[in-house]
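Shown next, in structure tokens, is the structure this report addresses.
Each value in this text was obtained by applying a stated rule to the coordinates, not by laboratory testing. The structure displayed is predicted, hence computed values, not measured ones. No Cβ is skipped: glycine too gets one built from the backbone with ideal geometry, and neighbour counts run over all protein chains shown.
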Amino acid sequence: MSLTQNITTLIGRADSLVSAYETKADEINQKIQEAVAAFPDTHKVFYVDPTRGHSSNSGSRDNPLLTIQDAISRTPINGSANINLLADTMLPPARYSLQNKSIQIYGHEAPNGKAKLTASVFEHNGYAYLSGWNTFGLNAGFMFRFIDVDFPQYTGDLHGYIRYRSILGNFAGYVQTLSHFAFSDASLIFPNENGFGWLACATHTGLVFLGNGITDVNGNMSGQYVDGADAANPSNTPQLLTNMKTL
């Protein structure tokens, strides 16, 4: 076969390939769009308002959800969410699961540029619990920014149940690889008498705990940042990584 014939054959095959692609182009594009649509959006943005929100709303600014947990439950596992509080919020007397989700809670869109998050204490199975979440999995935790956390008073006789007496706790029996809690541009309000609770727990988990721009309103948060940590010398707690000199 001559060179001219070879070139003619190659051109013919190229034309056939182009023709085949053009015939299938719409179908290929449709399949690509279907594949992209099927892939979950792993990062979400929600708005929460305990006054005018509803659990069945979309979670937009104009149609906010009722609770933080409403937003967390709509966040996919291995995903993340920005949750914007539009008003002060009270955590209900309950513990929830936080499995492989990274949650950022912001209060800058609330009146005065901050939202107060009020925790509650409740009794269950012979122990005192703090309202909050329990993590398990490779990567789960919170970041609070422009949030004032108000801890409750407890005058009952029950002991606080470790892992369930901090806002971010963990489940017993699970191998905890890493949890995280970051706190920035925020205030902590711990009662002068009978205060109860911690922010996070370093028992049975690896924990990264970061604080920046924290105001201790009553000056008595010492020892209440991380349950299970050596508050005076955090470096003595091997499963804890923190930028704070004392906890």
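Computed from the Cβ-Cβ distance with R0 of 51 Å, the FRET efficiency linking T155 to T42 stands at 0.75. Sorting D227, D62 from the fewest to the most surrounding beta carbons within 10 angstrom yields D62, D227. Evaluating 6.51 cos²θ - 1.76 cosθ + 1.60 at θ = phi - 60° for every residue in region 224-241, the Karplus couplings come out as 10, 6, 10, 5, x, 9, 7, 5, 6, 9, x, 5, 7, 9, x, 8, 10, 10 Hz, glycine and proline recorded as x. Counting only alpha carbon atoms, the long axis of helix 3-38 and the longest principal axis of the chain meet at about 30°.
Comparing T89, T135, T215 in a Gaussian network model of the chain (Cα springs below 10 Å), the most mobile by mean-square fluctuation is T215.
Note on T51 and L178: their simple-model spin labels are 4.0 nm apart, each label 7 Å out from Cα toward Cβ. Please check: in the Gaussian network model of the chain (C-alpha springs, under 10 Å), which one of A87, A115, A232 has the largest mean-square fluctuation. Among A87, A115, A232, the largest GNM mean-square fluctuation belongs to A232.
Across T203, T75, T23, mean-square fluctuation computed from a Gaussian network of the chain (C-alpha pairs under 10 Å connected) peaks at T23.
Dipole size in debye (nearest 20) for the chain around its Cα centre, Lys and Arg Cβ +1, Asp and Glu Cβ -1?
That gives a dipole near 300 debye.
Rounded to two decimals, the Cα radius of gyration of the chain over 2.2 N^0.38 Å is 1.44. A simple spin-label model places pseudo-atoms 7 Å from Cα toward Cβ; at N194 and R61 they are separated by 4.2 nm.
Does region 104-247 come out rounded, prolate or oblate, given a ≥ b ≥ c as the square roots of the eigenvalues of its C-alpha gyration tensor, rounded meaning a/c under 1.5 and, failing that, prolate meaning a/b above b/c? Rounded is the answer for region 104-247, as its axis ratio a/c remains below 1.5.
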